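The values are calculated or read from the model by the stated rules, or taken from the named source; none is laboratory data. No experiment lies behind these values; they were computed from the predicted model shown. Cβ: placed from backbone, ideal geometry, glycine included. Neighbour counts: every protein chain shown. Ligands, DNA and RNA are stripped out before the accessible areas are found, and what is left, the full protein with its side chains, is counted by its heavy atoms. Shrake-Rupley method; radii C 1.70, N 1.55, O 1.52, S 1.80 Å.
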Amino acid sequence: MSYIITLLVLLLLPLNALEIDEKTSGFDLLPTASIYIDNTNTLSYEQVVTKTFTPNTQKVLGFGIAPSTALWIRFTLKNRTDQAITKVLEYPDAQIEILDFHYDGQLHQDGMFQINREKESIYPSLTIVLEPYEEKVFYVKAYSKISSLIARIVVWEKDDFTRHDYKHKGFILLFFTVLFTLLIYNFLLLVFTKEKAYLFYILYLVALIHFHFLNFGIAQLYLYPQALTIMMIKANMLHVALLGIAIILFTREFLKTCKFKRFDVVLKGYLYLLPLLALLCYDNIVFDLNIIILLIPVALMTVVLGFYALYKGEQQAKFYVIGWTFVILSLLFSIFKAIGLIDITADLPYLIESAFIFEALLFSIALAHRIRIISEEKSKADQKLIRLQQEEQQRLEKLVTEKTHDLQLSLEEKSILYQELNHRVKNNLQMILSLIKLQLMQATSPEIKSVLITTRNRVSAIAELYERLYLENSGAKVATLSYFQSIIDTISDYFDKDVTVEYAIEHDLHTNELIYCGLIVNELVTNCFKYAFEKQGNITIGLMRDENTLRLTVEDDGVGLTPQQSDSLGLEIVRTLVEKQLYGTLDIASTHGTTVTIQWEEHA
């Protein structure tokens, strides 16, 4: 049916055919074509061929964002030679979503929504063959719902098209090589410097690379499956938003816009606005891509902000102003192209990409310059810090010398007072001992003598410690073994019994613990001499340390404790000293002899 309609059109419509030969190449067909605009995108090919087409004189047609508009292009090609020729029709717009070629009753589909994975060229294209003197009519439908609708058709000689395509791919390869090199370079700088500016610039480069992967059609053709491609196209504003967010974050960090509050507030506002717009523009839910006109103010503001920062003395702003001016102008041209105002890509096809490369190189230089500035500032700060440290060290040395002298005087004074205090306590205790001895000499009752002896031993244990502190000046610790030996010697002098005392002292106690342990040993050994043995026996005194736990044991091989002895005053004193002073535990085992074990945490 479509073949019959095409034949009728050829017979009824006066068509002006473009005569071509084997040398025709790189020729724009639109100025020789006619167009028809389907404002509803509802007409079929069979319906369109019956419509009246309007002659066109422009080589590029831009309609901006036109979600409901389909452009139909009609042109005729005639082989004026006596040999068959092969040509390639190229539609140099990788972002066109639907592109249908109708000719000789055939349909060839291309575009991002109809990608042919077997084709080698990035742009949509169609290879045609014209027999000698053959004339063919072509109808091309171009439609984009999300991106801009831009039309241009070029006829190429096949070999020329191959070279042209390789040249285009070579530029793309060069473009991405530069961007990936800068990405790696800035990533290494980020690793070594930990500067946020590099992080945001890396985000910008990643967003830029992805944006151009889509813009060049590489992602759709080589990376994404068809379903993901369609989803990406519908989310076109998202890619623009990611690029804008990365630019704003980098600008705020690079120019330190927190110092320029009004500008910074606007930039922060766009950080929240862009994701919202991207969401509302998905598949034209609320807005179409014409909404990107809202980016023009912030694009211009970033350039103004660069000049303002330069005016305020930010050294790096000069790099920002130069590089960003080119980028912003390129972005503005992209926006103008998207909304159908100006399109300069036909005459300068790689202007935008070249501006991005120049900007990326310049900013990488700027960031390297930033390192030099930071290094110089750090060097100055280090020199100032060294100078301040030297001054502070001299001041501290003088202060330490003065304080040390004062402390030495104070220490000597306290040492004298401490020795004097110990001397007076020792003398007072000796006086008490002398009085107890006099009382003991006059006592006739055995019970009174036993009480006086016990009291004398208790006071003697304390006096012995002060004697050692005074004579040895040993500080925090005293030789515990010799102290215990002196206590036992004093006790044994008053008892006519053959008792052997063995010592297993593995640790020296602090004076604040030793005085209580001395009293405890005095009480326990006195009890052994009194009650454990008739004539002879053995006593073992042990002191050991396990990490922070101290254990004191007094063990005898005597007759064991009786219930009356368990409630004696001596054991009550021991229990009080253990629980109230040492904050420890007391364990008494009386089976074969008696073993008293005391454990506590070392406090000193």
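Observations on the structure shown:
- In a reduced charge model with +1 at each Lys and Arg Cβ and -1 at each Asp and Glu Cβ, the range 74-166 shows a dipole moment near 300 debye about its Cα centre.
- If you take the Cα centroid of the range 198-225 and the Cα centroid of the range 250-289, the two points sit 20 Å apart.
- Each Lys and Arg adds +1 at its Cβ and each Asp and Glu adds -1 at its Cβ; summed about the Cα centre, the range 535-604 shows a dipole of about 180 debye.
- Under the convention that each Lys and Arg Cβ holds +1 and each Asp and Glu Cβ holds -1, the size of the dipole of the range 472-537 around its Cα centre is about 120 debye.
- By the rule of a C-alpha distance below 24 Å, with chain neighbours fewer than 8 residues away ignored, the lysines paired with Lys141 are Lys51, Lys59, Lys78, Lys87, Lys119, Lys158, Lys234, Lys337.
- Taking the 1.4 Å solvent-accessible surface of the range 173-226 as the whole, the part contributed by carbon and sulfur is 82%.
- For the listed residue pairs Lys268/Lys378; Lys167/Lys256; Lys378/Lys398; Lys169/Lys312; Lys194/Lys268, the alpha carbons are over 32 angstrom apart in Lys167/Lys256; Lys169/Lys312.
- Selection from Leu586, Gln536, Thr511 lying farthest towards where the dipole of the range 504-604 points positive, charges on Cβ: Gln536
- Over 18 Å [Cα-Cα, the range 113-192], rounded percent: 65
- Inter-probe distance in nm under a simple model that places probes 7 Å from Cα toward Cβ, at Val304 and Leu385: 4.0
- Sorted peptide list for 390-402, 224-236, 580-592, criterion being average Cβ within 10 angstrom, highest first: 224-236, 580-592, 390-402
- Between the beta carbons of Tyr222 and Tyr311, assuming R0 = 45 Å, the FRET efficiency works out to 0.45 to the nearest 0.05.
- Per residue, the range 539-600 exposes 54 Å² of solvent-accessible protein surface, assessed with a 1.4 angstrom probe and all protein chains in place.
- Accessible area per residue in Å² at 1.4 Å probe, computed on the range 12-77: 48
- Size estimate for the range 528-589 follows the Kirkwood approach: the inverse of mean 1/r over distinct Cα pairs works out to 13.2 Å.
- Surface composition of the range 99-146: carbon plus sulfur atoms hold 41% of the accessible area, using a 1.4 angstrom probe and ignoring ligands, DNA and RNA.
- HN-Hα J in Hz across the range 387-394 - Karplus 6.51, -1.76, 1.60, θ = phi - 60°, x for Gly and Pro: 4, 5, 5, 5, 5, 5, 5, 4
- Centre-to-centre, using Cα atoms only, the range 88-135 and the range 540-604 are separated by 104 Å.
- Using the Cβ of Gly593 as centre and a radius below 10 Å, the other residues enclosed give a net charge of -3, where K and R count +1 and D and E count -1.
- Solvent-accessible ranking of Leu203, Leu569, Leu277, largest area first, probe 1.4 Å: Leu569, Leu203, Leu277
- Positive-end residue, the range 175-298 charge dipole about Cα centroid, Cβ charges, pick of Phe180, Ile218, Phe263: Phe263
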